[in-house]
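Trainee: Here's a structure for you.
The values are calculated or read from the model by the stated rules, or taken from the named source; none is laboratory data. Quantities reported herein were computed from a predicted structural model and do not represent experimental measurements. So basically every Cβ, Gly included, is an ideal-geometry build from the backbone, and we count neighbours across all protein chains shown. For the accessible areas, the whole protein counts, side chains as well, though only heavy atoms, and no ligand, DNA or RNA atoms are used. Shrake-Rupley method; radii C 1.70, N 1.55, O 1.52, S 1.80 Å.
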Number of protein chains: 2
Amino acid sequence: MAIKVHGALFSTCTARVLICLCEKGLDYELLAIDMPFGEIPAFKDGEVSLFESRVINRYLARKHKDIGTDLLLSNSLTQSALVETWMEVEAHKFDSPSSYGKAPDKQVIETEMEKLGKVLDVYEERLSKSKYLAGENYSLADLHHIPHLVYFKKTSKANAITSRPHVSAWWNDISSRPATVKISETMSLL
Amino acid sequence: MAIKVHGALFSTCTARVLICLCEKGLDYELLAIDMPFGEIPAFKDGEVSLFESRVINRYLARKHKDIGTDLLLSNSLTQSALVETWMEVEAHKFDSPSSYGKAPDKQVIETEMEKLGKVLDVYEERLSKSKYLAGENYSLADLHHIPHLVYFKKTSKANAITSRPHVSAWWNDISSRPATVKISETMSLL
């Protein structure tokens, strides 16, 4: 029985889950929606129903640990704690300001770009010390950034990425992974 | 070497970590602060440095899985996915409106109470079907709610809890756990 994802083609949260499914090479059906908080994506794998993209990806990464990349770096308590840390940073520091690149209000954009700049300064420092956010291996901590960054890179504020050499190199790396390319094209994000 | 927690006695995030440490019966030192995003609590366990209370608790629950309650219900993929789901609900739906019970602005309070009411309606439905949020066992999904609820219960809006029988029974249960009582008293939350 294929995994069912209830989502939308324009949704960055749906894209987040599809990139993870694609990293694991898993079959899925993309369907129309609904769930307790009226949010997408919603997810069904046999008896397991989930919502919230980051929860779904964590479940997929744990269940299919041995297929493809181990996206939670679960063999090391220290490394998995770093994955958790940077997933939390993405959800609580990066997610909101990175979605304002196309806001209609100039003042809102400026305020949010200032916040995003401060967050990206921390990323630049971190990525000067390791190839990926949680260390030398790609993980969900990196993957979770992709959908917003795909959109953000198309805005006039993209230099927030390109002006930071380590952030820029990181983005070139994670955006060229086959799973990223495939889903970005499917979802017309690129 | 004892676990070091850099935090503050008034901080609900610090309380969240201390309750988890206390559930596990672990020794710790509570110290003054700082970290990359200037946030508390920060945490050091030997070589592992972490920040963000929910990340710290996840690390503690994983590392000390076999001491006391298994707070991630990690023996079942389905149950652990439910823990993840309700931890996400707490962080993204409950956390913000539940902290407005003492806001100075009446309009802000009313808007946030309306949001909180809708969230608690989902909790009431959920808790009519299982004793705890992730099923029949206590987990981090429940624990993470405690510090805000301790404060919230002291406000004039506490009937948002007491008027919902299943939410109220759940709160009476989790607030009377020895770890909750001990830390609430230590931190003068009660």
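Trainee: Taking A:T155 and the conditions (1) over 29 Å from A:G68 (Cα atoms); (2) in contact (Cβ under 8 Å) with a residue 24 or more places away in the chain; (3) assigned to a helix (DSSP H, G or I), which numbered condition does it fall short on, given that it satisfies the others?
Mentor: (3)
Trainee: Would you confirm whether any residue within the stretch A:89-102 is closer than 25 Å to A:V55 by Cα, in contact with a Gly (Cβ under 9 Å, 6 or more places away or on another chain), open to solvent by less than 10 Å² (accessible area, probe 1.4 Å) and without any contact (Cβ under 8 Å) to a residue 40 or more places away in the chain?
Mentor: The answer is yes; a qualifying residue exists.
Trainee: Still on this structure, I have one more. Just the residues that are within 14 Å of chain B (Cβ to nearest Cβ) and in contact with an Asp or Glu (Cβ under 8 Å, 6 or more places away or on another chain), please, taken from the stretch A:140-166.
Mentor: Within the stretch A:140-166, A:A141, A:H144 qualify.
Trainee: Moving on. Using the structure shown, decide if A:L18 is buried (at least 24 other Cβ atoms within 10 Å of the Cβ), more than 9 Å from chain B (Cβ to nearest Cβ) and on the phi > 0 side of the Ramachandran plot.
Mentor: Judged against the criteria, A:L18 is not a match.
Trainee: Okay, moving on. For the stretch A:138-151, does any single residue satisfy the condition of being in a helix (DSSP H, G or I), modelled with pLDDT of 95 or more and out of contact with any strand residue (DSSP E or B) (no Cβ under 9 Å at 6 or more places or on another chain)?
Mentor: yes
For (1) modelled with pLDDT of 95 or more; (2) among the charged types (D, E, K, R); (3) under 17 Å from the mean Cα position of the chain (by Cα), each residue gets a yes or a no:
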| position | (1), (2), (3) |
| --- | --- |
| B:K63 | no, yes, no |
| B:S80 | no, no, yes |
| B:H92 | no, no, yes |
| B:S96 | no, no, yes |
| B:Q107 | no, no, no |
| B:K115 | no, yes, no |
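Trainee: Restricting to the stretch B:58-73, count the residues that are at the interface with chain A (Cβ under 10 Å from one of its Cβ atoms), within 25 Å of B:L149 (Cβ to Cβ) and open to solvent by 30 Å² or more (accessible area, probe 1.4 Å).
Mentor: The qualifying residues number 1.
Trainee: Related question: Just checking, how many residues over the stretch A:156-176 are under 15 Å from A:G117 (Cα atoms) and open to solvent by 10 Å² or more (accessible area, probe 1.4 Å)?
Mentor: Count: 11.
Trainee: Whether any residue in the stretch B:24-44 is at pLDDT below 90, at the interface with another protein chain (Cβ under 9 Å from one of its Cβ atoms) and open to solvent by 50 Å² or more (accessible area, probe 1.4 Å) is what I want to check.
Mentor: The answer is yes; a qualifying residue exists.
Trainee: Here is a follow-up. Residues of the stretch A:47-57 being surrounded by fewer than 22 Cβ atoms within 10 Å (Cβ to Cβ) and either more than 9 Å from every other protein chain (Cβ to nearest Cβ) or in contact with a Phe, Trp or Tyr (Cβ under 8 Å, 6 or more places away or on another chain) (or both), which ones?
Mentor: Correct list: A:V48, A:S49.
Trainee: Further question on the same structure: Working carefully through the options B:L71, B:L60, B:L82, find the one that is in a loop (DSSP other than H, G, I, E, B), in contact (Cβ under 8 Å) with a residue 40 or more places away in the chain and aliphatic (A, V, I, L, M).
Mentor: After applying the criteria, what remains is B:L71.
Let's see how each residue does on (1) closer than 16 Å to B:T12 by Cα; (2) among the β-branched types (V, I, T); (3) touching a Pro at 6+ places or on another chain (Cβ under 6 Å):
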position	(1), (2), (3)
B:S80	no, no, no
B:V83	no, yes, no
B:V119	no, yes, no
B:Y138	no, no, no
B:H148	yes, no, no
B:P178	no, no, no
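Trainee: Let me ask another. Can you confirm whether the stretch B:12-21 contains a residue that is modelled with pLDDT under 90 and basic (K, R)?
Mentor: Taking every residue of the stretch B:12-21 in turn, none turns out to be modelled with pLDDT under 90 and basic (K, R).
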